[in-house]
Ligand SMILES: Nc1nc(C(F)(F)F)ncc1COP(=O)(O)OP(=O)(O)O
Ligand SMILES: [Mg+2]
């Protein structure tokens, strides 16, 4: 799990400047290690359109052995037979969802020590901790937690794989890794750029450097 979390690209059609299939294909070429289909927000696809795009993105991931995770939508995750699901604190009962999805990957958002402890207890495989920095992508975020929140979780013996999320880019990812995260999750730092491949390869290079010089 930890190695997959290194560069976790999260995206939906509303986040992309161009065709999301092209964006993901380039991001995979650039070196992302995991993908989350998060079709959400103003103008997001629904129903059949959401399913069809999900299928196309999933097959790109499968062809490249990249775990394909669905955000929020458990039924879609099961219909696509996705590799896993990511849920937040308001998206349902983690232990019920764990029973529902069996051995699929279960990611849970956590903003503090109590939420992280609860997520571990109820069977999460990894936790997404944030927001690390200010973000314009998700409008209903909690207040900025910063990389120190990850450091605090590690100091309190939270050993589960952790990925930081929220406003992360090449310039500010190092403190997130140094705080003890196994990787970074991000949207705009790849999806909003004209060259997603170049963006992803620059990011994975900086992430690997951060681990080497820890
Ligand atoms: N989608 C996410 N992915 C991650 C990841 F693990 F990838 F880092 N961490 C956190 C979130 C946020 O999840 P949630 O709080 O439910 O909000 P939303 O459903 O709007 O994304
Ligand atoms: Mg959610």
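No lab work stands behind these numbers, since they all come straight from the coordinates. Please read all numbers here as calculations on a predicted model, not as lab measurements. Here the Cβ positions follow ideal geometry from the backbone for every residue, glycine too, while neighbour counts run over all protein chains shown.
Summary table below
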| read-out | value |
| --- | --- |
| Extension reserve of the residue 99-residue 113 stretch, reckoned as 0.36 nm per residue once the Cα distance is removed | 2.7 nm |
| Cα gyration tensor category, rounded, prolate or oblate, for the stretch 1-97 with a/c compared to 1.5 | oblate |
| Kirkwood Rh in Å, taken over all unlike Cα pairs in the stretch 7-58 | 11.2 |
| Extension reserve of the residue 48-residue 172 stretch, reckoned as 0.36 nm per residue once the Cα distance is removed | 40.9 nm |
| Cα centroid of the stretch 3-30 to Cα centroid of the stretch 119-170, whole Å | 20 |
| Exposure proxy ranking, count of Cβ atoms within 10 Å, fewest first, for 35, 211, 68 | 211, 68, 35 |
| Rough spin-label spacing in nm, given labels placed 7 Å along Cα→Cβ, for residue 192 and residue 89 | 2.5 |
| Label-point separation in nm, residue 212 to residue 154, each point 7 Å along Cα→Cβ | 1.9 |
| Cα gyration tensor, the stretch 2-212 - rounded (a/c under 1.5), prolate or oblate | oblate |
| Segment residue 55-residue 143, extension gain: residue separation times 0.36 nm, minus the distance between their alpha carbons | 28.3 nm |
| Most fluctuating residue given options 102, 30, 164, as computed from a GNM of the chain linking Cα atoms under 10 Å | 102 |
